[in-house]
Amino acid sequence: MTTDTTYTAQLATFAAELRFEDIPEPVVRKIEDLLVDWFGSAVAGHGSRPVESMGRFARSMGPAEGPSEVLINGTGTSPFLAAMVNAAASHVAEQDDVHNGAVFHPATVVFSPAVAVAQALGASGKQLLAASVVGYEVGIRVGEFLGRSHYRVFHTTGTAGTLAAAAAVGHLLGLNPHQMQHALGSAGTQSAGLWEFLRTGADSKQLHTAHAAGAGLMSAYLAKDGFTGAADILEGPQGMAAGMSSDADPARLIDGLGTRWATSETSFKYHASCRHTHPAADALLHVMQSHGLTHGDLAKVVTHVHQGAIDVLGPVVRPTTVHQSKFSMGTVLAMVAQFGHAGLREFDANFQSEATMLVRDKVVMALDAEVDSAYPKRWIGKVTVTTNDGRVLHGRVDEPKGDPGNTLSRQEITDKALNLAAYSGGANPQQMLESVNALWLVADWPLVGPLLTPQLHVA
């Protein structure tokens, strides 16, 4: 153990020294679930315009061949470029996981670099899983540490994500605690990601995750080579908290390290939209199903939300792209009201339809004291629905679908991955089923090879 007792040093020591055998079996099962869920989201990025642009960039930078798989096309390249493209791909469909308390999407910035590096190193499945747990535990705690004030301006997945990626890759590289601290320092100084892109529907969200995955990977490799980073990048007087937060809580960085497994607290996404919309979407579904309503019965829908939802969703008033529409509370609720869920195909075909816009314009967000005080630990869904015949109905959901207390089964995760691949055309059904079935056995893999060629994992 390092003798340095700063919170950053303690976090680095945990990240360097955790071993697969230290991880409780339920946490191992959870990280397997999250890996399969991420894989489906990554394949779903196939054909997406901003992701394909990232893929072309990677091809232009080279190498033409390499050990790490680009999941949108099955080609091989360097770990660095594969991590970047897969991180962009796995975030674009808005189906990747989220940790409520950190307001952070771990999978896209942890598995993307971890898988790429594991493939390059010939690491085992157990080594990949252990490194991924490290990435989740570090990234989630950094997100919690940075607090609510950070999220008002910064996209936490892009900022905390650099450290999550560095921790996961650093673990695979066998960094010692001091090297890991340097890796975190280098990653933290590259943290970036601003919410301004939402106002115009720009592609920046995919750049945020790609940059975080690549910058974290680079930071770990540099640390392995002796490159030094700030020792106190998180808490220091000119560190991340000083520049990016007004309510940072350093104690969150080591909260229950080794006993509280934040990985297991991670939620799956059911709807293909910003997670801030999910509680209200589920609450509206509850009202409509309980009272037999159709979308034509709705005169007004008030969503009672936390301030974070207003900060992120508020700028999106009239979405002009499919991706931007997933950050429009009214559009998401219109999807739910019409189709019973907010799915990828529903968004593509209907985000600007007359029926959607009619419902969208009846939806308003209102800050709710109970919901806001519970956030971010709990994301409560509350709606007040006024019908055309004058009824006022109330709906509430305390755990949206996908939360740990209302989670997805392994069959549901499998089905979700298969549906995502079918949507994008990124893999044929048989290929995808074989890959998913192989991924469920990842702990037994002697080495991590291409995920879309599962027969290579047979010992």
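The values are calculated or read from the model by the stated rules, or taken from the named source; none is laboratory data. This one's a predicted model, so the numbers in the text were calculated from it and none came from an experiment. All Cβ positions, glycine included, derive from the backbone under ideal geometry; neighbour counts span all protein chains shown. Just so you know, the surface numbers come from the protein's heavy atoms only, side chains and all, with ligands and any DNA or RNA stripped out. Shrake-Rupley method; radii C 1.70, N 1.55, O 1.52, S 1.80 Å.
List of remarks:
- Under the condition of being over 16 Å from GLY395 (Cα atoms), among the aliphatic types (A, V, I, L, M) and assigned to a loop (DSSP other than H, G, I, E, B), the residues counted in segment 291-336 number 2.
- Residue in segment 146-159 that is touching a strand residue (DSSP E or B) at 6+ places or on another chain (Cβ under 8 Å) and more than 30 Å from ARG345 (Cα to Cα) present: yes
- Unique match (being assigned to a helix (DSSP H, G or I) and of a type outside the set (Lys, Arg)) among GLY40, GLY66: GLY40
- The residues of segment 69-101 that are part of a loop (DSSP other than H, G, I, E, B) and of a type outside the set (S, T, N, Q), listed by number, are LEU71, ILE72, GLY74, ALA93, GLU94, ASP96, ASP97, GLY101.
Yes/no per residue for (1) of a type in the set (Val, Ile, Thr); (2) touching a Gly at 6+ places or on another chain (Cβ under 7 Å); (3) more than 18 Å from ALA230 (Cβ to Cβ):
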position: PHE111; (1), (2), (3): no, no, yes
position: GLN119; (1), (2), (3): no, yes, yes
position: THR162; (1), (2), (3): yes, yes, no
position: GLN190; (1), (2), (3): no, no, no
position: TRP195; (1), (2), (3): no, no, yes
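- The set of residues in segment 288-329 being polar (S, T, N, Q) and touching a strand residue (DSSP E or B) at 6+ places or on another chain (Cβ under 8 Å) consists of SER290, THR303, GLN307.
- The single condition among (1) more than 18 Å from GLY216 (Cα to Cα); (2) within 22 Å of the chain's Cα centre (by Cα); (3) hydroxyl-bearing (Ser, Thr, Tyr) that THR75 does not satisfy is (2).
- Test: residue in segment 1-10 that is open to solvent by less than 50 Å² (accessible area, probe 1.4 Å) and either in contact with a strand residue (DSSP E or B) (Cβ under 8 Å, 6 or more places away or on another chain) or at pLDDT below 95 (or both): yes
- Test: ALA241 is of a type in the set (Gly, Ala, Ser), part of a helix (DSSP H, G or I) and in contact with an Asp or Glu (Cβ under 7 Å, 6 or more places away or on another chain): yes
- Within segment 22-37, tally of residues that are under 10 Å from THR263 (Cβ atoms), assigned to a helix (DSSP H, G or I) and hydrophobic (A, V, I, L, M, F, W, C): 4
- Residue count for segment 246-256, restricted to those that are part of a loop (DSSP other than H, G, I, E, B) and over 15 Å from GLY101 (Cβ atoms): 1
- The single condition from (1) under 17 Å from THR108 (Cβ atoms); (2) touching a residue at least 60 places away in the same chain (Cβ under 8 Å); (3) among the aliphatic types (A, V, I, L, M) that ALA215 fails is (2).
- Matching residues in segment 33-49 - criterion: being out of contact with any Gly (no Cβ under 9 Å at 6 or more places or on another chain), among the small types (Gly, Ala, Ser) and open to solvent by 10 Å² or more (accessible area, probe 1.4 Å): SER48
So that you can scan it fast, the table gives a plain yes or no per residue for (1) modelled with pLDDT of 95 or more; (2) among the small types (Gly, Ala, Ser); (3) over 28 Å from LEU173 (Cα atoms):
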residue	(1), (2), (3)
GLY188	yes, yes, no
SER191	yes, yes, no
TRP195	yes, no, yes
GLY201	no, yes, yes
GLN206	yes, no, no
THR209	yes, no, no
ALA212	yes, yes, no
GLY216	yes, yes, no
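- Filtering segment 218-239 to residues that are open to solvent by 10 Å² or more (accessible area, probe 1.4 Å) and either aliphatic (A, V, I, L, M) or within 19 Å of HIS171 (Cα to Cα) (or both) leaves MET218, TYR221, LEU222, LYS224, ASP225, GLY226, PHE227, THR228, GLY229, ALA230, ALA231, ILE233.
- Members of segment 102-137 found to be open to solvent by 10 Å² or more (accessible area, probe 1.4 Å) and touching a Phe, Trp or Tyr at 6+ places or on another chain (Cβ under 9 Å), listed by number: VAL103, SER124, LYS126, GLN127
- Evaluating LEU433 against the criteria (1) modelled with pLDDT of 95 or more; (2) farther than 21 Å from VAL287 by Cα; (3) touching a Phe, Trp or Tyr at 6+ places or on another chain (Cβ under 9 Å) leaves one unmet condition, (3).
- When the criteria are applied in full, MET244 meets the requirement of being open to solvent by 20 Å² or more (accessible area, probe 1.4 Å) and under 30 Å from PRO50 (Cβ atoms).
- LEU207 being under 24 Å from the mean Cα position of the chain (by Cα), open to solvent by 60 Å² or more (accessible area, probe 1.4 Å) and either within 18 Å of TRP195 (Cβ to Cβ) or hydroxyl-bearing (Ser, Thr, Tyr) (or both): yes
- Reported count of residues in segment 171-204, each being surrounded by 24 or more Cβ atoms within 10 Å (Cβ to Cβ) and among the small types (Gly, Ala, Ser), is 6.
- Residue satisfying condition, being within 18 Å of the chain's Cα centre (by Cα) and more than 26 Å from ASP348 (Cβ to Cβ), within set THR407, THR384: THR407
- Inside segment 1-51, residues that are among the hydroxyl-bearing types (Ser, Thr, Tyr) and free of Cβ contacts under 8 Å to residues at least 40 places away in the same chain make up a count of 2.
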